[in-house]
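Below you'll find the structure, written out as structure tokens, and then a few comments.
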Amino acid sequence: MDMFSRIIKYITGFIIIFLIQYICNWLVKSFNLILPAPILGLIVFTFLLQTNVIKKEWVKDICKFLLKIMPMLFVPLLVGIVVYYSVIEKNLIPILVNVILTATLTLFITALIVDNIIKFIRLQKIRKFHND
């Protein structure tokens, strides 16, 4: 693959991802949705990939690139921590308790949901087997 076609693939993939995110931002603002725009964007992007509206080949290269540079995208977060260090230091215990509790709760709820989905799928397979 020559350099020009690689550049076109990167630009195409970036435009696709950018448009999905832009549309989701607009939807959240226009309809006052409680779902954050990035989460809605991920849901829409996943749906479009699963239904083959967007071909995986179109976004594969840009996704690999974005994953490679992801650590660099967290630099502003680290700068914010340094800037607000005194506030964080004063509230460290409540922050840690909050992070630990929410992470544990999220893990627990996710496990329950996945467990129920697995049970549901198994039940559907058993019903289908008995009906056949």
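The values are calculated or read from the model by the stated rules, or taken from the named source; none is laboratory data. It should be emphasised that the depicted structure is a prediction, and the values quoted were computed from it without experimental measurement. Neighbour counts run over all protein chains shown; Cβ positions are idealised from the backbone, glycine included.
Worth a mention:
- Flag for Leu105 being within 30 Å of Leu49 (Cβ to Cβ), loosely packed, with under 10 Cβ neighbours inside 10 Å and either free of Cβ contacts under 8 Å to residues at least 40 places away in the same chain or under 21 Å from the mean Cα position of the chain (by Cα) (or both): no
- Residues of the range 39-78 that are loosely packed, with under 11 Cβ neighbours inside 10 Å and in a loop (DSSP other than H, G, I, E, B): Thr51, Asn52, Val53, Ile69, Phe74.
- Residue within the range 26-38 that is within 30 Å of Ile8 (Cβ to Cβ), at pLDDT 95 or above and surrounded by 10 or more Cβ atoms within 10 Å (Cβ to Cβ) present: yes
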